[in-house]
1. Applying the selection to the stretch 231-276, what residues are of a type in the set (G, A, S) and either surrounded by fewer than 16 Cβ atoms within 10 Å (Cβ to Cβ) or assigned to a helix (DSSP H, G or I) (or both)?
2. Just give me the residues in the stretch 232-253 being touching a Lys or Arg at 6+ places or on another chain (Cβ under 7 Å) and within 13 Å of the ligand (Cβ to nearest atom), in sequence order.
3. Considering only the stretch 424-444, state which residues are open to solvent by less than 70 Å² (accessible area, probe 1.4 Å), away from the ligand (no atom under 16 Å from the Cβ) and either under 39 Å from the mean Cα position of the chain (by Cα) or at pLDDT below 95 (or both).
4. Sort through I380, I410 and tell me the only one that's touching a residue at least 12 places away in the same chain (Cβ under 8 Å), crowded, with 20+ Cβ neighbours inside 10 Å and closer than 28 Å to S512 by Cβ.
5. Would you say E338 is under 17 Å from the mean Cα position of the chain (by Cα), closer than 24 Å to F357 by Cα and within 12 Å of the ligand (Cβ to nearest atom)?
6. Given T101, T62, which one is part of a helix (DSSP H, G or I), open to solvent by 10 Å² or more (accessible area, probe 1.4 Å) and either among the polar types (S, T, N, Q) or modelled with pLDDT of 95 or more (or both)?
7. Within the set of pairs 6 or more residues apart or between chains, which connect a residue that is within 23 Å of I413 (Cα to Cα) and among the β-branched types (V, I, T) inside the stretch 244-266 to a residue that is open to solvent by less than 90 Å² (accessible area, probe 1.4 Å) and within 14 Å of the ligand (Cβ to nearest atom) with Cβ atoms less than 7 Å apart?
8. Within the stretch 22-38, how many residues turn out to be open to solvent by 40 Å² or more (accessible area, probe 1.4 Å) and touching a strand residue (DSSP E or B) at 6+ places or on another chain (Cβ under 8 Å)?
Amino acid sequence: MKFIDELQNYLKARYPLILVKSTEEDRLTMDLKLAAKNMKHEIVTWSIASGLKAENAQFEITTVDLKKAIDACENLARTGKSYIFVFYDIIPVLSAPPTNTIYQRRLKEFALNIRTEAYRCNCIFVSPQSGIDGTLQSEITVLDYPLPNRDEVSEQVNKFANEYKNVSNVFIDTSTETLSALTNAALGLTYAEIENCLARSLVEDKKLDMSDVKSIVNEKKQIIRKSGILEYVENKLSLEDVGGLNVLKRWLDLRGTTFSDDAYQFGLNPPKGVLLVGIPGCGKSLTAKCIASAWNMPLLRLDIGKIFGKYVGDSEANIRSALKTAEAISPCVLWIDEIEKGLGQGGNDGGTSSRVFGNILTWLQDKTSPVFTFATANNIRNLPPELLRKGRFDEIFFVDLPDLDERKKILEIHIGKTGRNLGNFDLDKLAKMSGEDNLGKNIRLAGAEIEAWVKDALMEAYARKTKGDKTADLSMTDFEAVIKRMVPMAKMRQEDFNELRKWANENAVSASISVKSDDSADSMHGGRLIDLE
Ligand code: ATP
């Protein structure tokens, strides 16, 4: 539902106190004026700097004293006319002692009277903050103001381009392709931020063209990082950088094409997302990075631990704001790393984590924007069953320790990264060395451990070189020496991993195609095996 329609519904339902959380005062004021016009209400505003103001001179009241201002608003309401009272930046005033209790009480009385005296008015608080404690908390309804949508961003970019295109000494590329790329880069920013970015790009070299897309994206990264909850992750990886996990990769590859208009016309909806549960260090995060770059989409990492704020209502507002940013930037991949963290606080936080979780669940279920959610989890004990229900994710995958073939692929990737010729190594032998044959029943190295093995072996070779063997280079003997010293994670956490596999057999699809291999990978594979070949 569009914000303006949602707001009008709250106004019509006579919600007395509505807090709209936004830093975009200008754009929001325009929307409030539109709502007032649609509903034939008059707007009266208050701020600590200017006191009460009404467009109609008849209501010119200039008091900055909040109690007197509310008294004046109530007098206006008593006339039976329709008003929207807009209070800018009222939260600090309502929180600062010693007047806070008087102001809060007075507003509460006004709110009660709006209901009982049938006043035709509402109060709207416009504020970037949502932290209200005390008596008013139960009276206030918090609404989030969405970031500008694609059409609005495009309008803003076009307006800027048109404003400067005829200015001498300035070049503005007004081609559709450039304006569309600039619009995509600016998605997720507010009007003021968009204008700042465009103005800075123009001032830098007196040009606005394709070359500015990167600097706008960089600026956006900073702005998103400042929110403290989302991080804009950039990389140039491809699915080729992930060894194994063929079922998952194939699944993702197929869905990469379904974000296009053509796919939509064909009757396909963009995929919702996947949940990857599995053993640490086996490529879950790596796949999130690779898929975003393979699909050529921005990757936003949501740090669930940072959502939890100090004030009542902050945590819910934080998650809503993060999800709204993701929607504004879509199509994008939203990577919720270790989703179980923060969702399993077991009711010791006054219900905050369950409300945050509720917000995520509802969003996962209802979202229509092309945000592909890539959630990962290492610990199933904290995973609430509601998360696993149909409709939240398109599929739940289990990522196990890599089997023989997968380990060979991972070795290829990481030895390849050292710049060595793969032909100089017996990869089959190395793959076997990193599995049950050498390490013991049910013990295999994880992808991250294979990477560490390669790095340590390289170090071993370099040590030989520095000790006098001038021709020494990475060789099989270095791998053999290093693996003898390694204590595989699977050895220390066998019980945990078996529990995960048991869970996966019931609840998830295996991310890998099991191959019959001499380290009896089949017996260890958790998750239903599906074959997409
Ligand atoms: P965690 O749950 O602990 O975050 P994870 O499953 O997300 O673990 P990653 O962070 O993706 O694991 O893996 C760490 C590193 O190990 C990767 O950056 C990559 O270098 C290497 N790695 C792990 N799995 C693979 C794989 N299948 N192919 C190639 N490299 C891998």
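1. Within the stretch 231-276, S238, G256, S260, A263, G267 meet the criteria.
2. Across the stretch 232-253, the qualifying residues are V233, N235, L237, L239, V242, G243, G244.
3. Result: E436, L439, G440, N442, I443.
4. I410 is the lone residue from the list that is touching a residue at least 12 places away in the same chain (Cβ under 8 Å), crowded, with 20+ Cβ neighbours inside 10 Å and closer than 28 Å to S512 by Cβ.
5. yes
6. T101
7. As it stands, the answer is V247/S510; V247/A511; V247/S512; V247/I513, since those pairs meet every condition given.
8. 2
The values are calculated or read from the model by the stated rules, or taken from the named source; none is laboratory data. Computed from a predicted model, the values in this text were never measured in an experiment. Neighbour counts run over all protein chains shown; Cβ positions are idealised from the backbone, glycine included. Side chains included, ligands, DNA and RNA excluded: accessible areas come from the protein's heavy atoms. Shrake-Rupley method; radii C 1.70, N 1.55, O 1.52, S 1.80 Å.
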